[in-house]
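Right, one structure below, let's go through it.
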């Protein structure tokens with residue numbers, strides 16, 4: 001049974017391994033055609049976007065429609081929240097209109113406050129600290145490739161110690177797979193999140209991308225400068241120069257290893273065109289799996305999720 005703290009989907013570390021495995025299994029079954037009917041008929045989801053989006057917005061809108069529900073897009077420029085209305089007032093008002101709220105924003109504390117004040121479930125569509133829905137899609141992609149026992153995974157994260165790295169760390173802690181991270185000096189992950197993962201699973205910081213990628217089944221990366229960091233692009237380009245995932249790095253991975261990237265990607269920066277467009281890349285299946293994962297999360301939070 002889920003604990004009260006799992007009423008929202010904000011942080012993978014707030015869900016035990018059994019619950020995460022249930023969501024991944026449900027996402028897989030949804031991808032294969034289940035469930036019949038329209039289990040979210042009459043349900044409405046508010047989507048607050050303080051950051052621009054392609055995959056999060058489209059997958060969520062399509063997912064709600066496929067399940068029979070309706071998603072309302074609230075862009076920052078169109079909302080009172082974007083003009084200074086408090087998170088508390090926004091949460092309490094929206095809770096009287098909709099069945100759940102998804103938010104994609106900068107400050108993680110904003111999502112935490114929204115969940116605290118709302119009386120409906122809140123989903124983290126991305127913050128500067130965490131990106132849990134994306135890593136769940138990555139894990140579903142890995143399960144499709146290597147089978148359902150995630151403890152067998154060896155994952156390499158190469159690049160910025162950002163929201164993706166943090167969510168990979170949280171996933172490793174809850175699901176028990178091995179994770180190796182190679183980040184430039186000064187750009188490592190949050191020490192508290194790293195310490196928690198190290199205490200729970202086989203997690204190491206590596207001095208180079210090649211060492212992190214050694215025998216990895218999954219090699220993953222992200223852009224060097226995320227949204228809101230555009231003014232750091234030049235400095236980051238210098239710091240990350242040796243952290244490109246190229247054919248040499250992938251040669252160190254397991255022969256069956258795959259490449260993942262949450263997209264959008266900058267070919268020639270964090271990844272070579274030969275890798276992201278090559279036979280070991282699964283980035284488009286990974287992007288598709290955002291749809292099946294968000295459907296599973298929505299069903300789990302506001303629907304009647306089918307049991308296998």
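Tell me which residues, restricted to region 68-81, are out of contact with any helix residue (DSSP H, G or I) (no Cβ under 8 Å at 6 or more places or on another chain) and in a helix (DSSP H, G or I).
Across region 68-81, the qualifying residues are 77, 78.
Here are some residues: 176, 147. Which one is in the same structural domain as residue 229 (by TED's automatic domain parsing), on the phi > 0 side of the Ramachandran plot and without any contact (Cβ under 8 Å) to a residue 60 or more places away in the chain?
147
Yes/no per residue for (1) more than 22 Å from residue 134 (Cβ to Cβ); (2) touching a residue at least 60 places away in the same chain (Cβ under 8 Å); (3) touching a helix residue (DSSP H, G or I) at 6+ places or on another chain (Cβ under 8 Å):
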| site | (1), (2), (3) |
| --- | --- |
| 224 | no, yes, yes |
| 238 | yes, no, no |
| 247 | yes, no, yes |
| 252 | yes, no, yes |
| 255 | yes, no, no |
| 259 | no, no, yes |
| 279 | yes, no, no |
| 291 | no, yes, yes |
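In the list 65, 91, which residue meets the criterion of being free of Cβ contacts under 8 Å to residues at least 40 places away in the same chain, part of a helix (DSSP H, G or I), surrounded by fewer than 18 Cβ atoms within 10 Å (Cβ to Cβ) and touching a strand residue (DSSP E or B) at 6+ places or on another chain (Cβ under 8 Å)?
Only one candidate qualifies: 65.
Which residue is modelled with the lowest pLDDT, if the candidates are limited to region 219-236 and must be part of a loop (DSSP other than H, G, I, E, B) and surrounded by 13 or more Cβ atoms within 10 Å (Cβ to Cβ)?
Applying the filter and picking the extreme gives 227.
Could you tell me which of the residues 7, 14, 92 is in contact with a helix residue (DSSP H, G or I) (Cβ under 7 Å, 6 or more places away or on another chain) and under 30 Å from residue 198 (Cα atoms)?
Step by step, each of 7, 14, 92 is checked, and only 14 is in contact with a helix residue (DSSP H, G or I) (Cβ under 7 Å, 6 or more places away or on another chain) and under 30 Å from residue 198 (Cα atoms).
Among the numbered criteria (1) loosely packed, with under 15 Cβ neighbours inside 10 Å; (2) out of contact with any helix residue (DSSP H, G or I) (no Cβ under 7 Å at 6 or more places or on another chain), which single criterion is violated by residue 301?
(1)
Please specify each residue of region 153-173 satisfying the condition of being free of Cβ contacts under 8 Å to residues at least 40 places away in the same chain and surrounded by fewer than 24 Cβ atoms within 10 Å (Cβ to Cβ).
161
With the structure loaded, tell me whether residue 128 is outside any helix (DSSP H, G or I), closer than 25 Å to residue 53 by Cα and touching a residue at least 40 places away in the same chain (Cβ under 8 Å) or whether it fails that test.
Yes: the conditions hold for residue 128.
Within the group 225, 251, 235, which residue is closer than 28 Å to residue 291 by Cα and assigned by TED's automatic domain parsing to the domain that holds residue 183?
Going through 225, 251, 235 in turn, just one is closer than 28 Å to residue 291 by Cα and assigned by TED's automatic domain parsing to the domain that holds residue 183: 225.
Answer with yes or no whether residue 210 is in contact with a strand residue (DSSP E or B) (Cβ under 9 Å, 6 or more places away or on another chain), surrounded by fewer than 24 Cβ atoms within 10 Å (Cβ to Cβ) and under 20 Å from residue 267 (Cα atoms).
Criteria met by residue 210.
So if I check each of 14, 57, which one is modelled with pLDDT of 95 or more, over 23 Å from residue 263 (Cα atoms), surrounded by 13 or more Cβ atoms within 10 Å (Cβ to Cβ) and not assigned by TED's automatic domain parsing to the domain that holds residue 195?
14
Among (1) farther than 30 Å from residue 176 by Cα; (2) touching a residue at least 40 places away in the same chain (Cβ under 8 Å); (3) surrounded by 14 or more Cβ atoms within 10 Å (Cβ to Cβ), where does residue 97 come up short?
It fails just one condition, (3).
Check 98, 120 and return the single one that is on the phi < 0 side of the Ramachandran plot, part of a loop (DSSP other than H, G, I, E, B) and over 23 Å from the mean Cα position of the chain (by Cα).
98
The values are calculated or read from the model by the stated rules, or taken from the named source; none is laboratory data. Bear in mind the structure is a predicted one, so any value in this text is a computation, not a measurement. For neighbour counting, all protein chains shown are included, and Cβ atoms are generated from backbone atoms with ideal geometry for every residue, glycine included.
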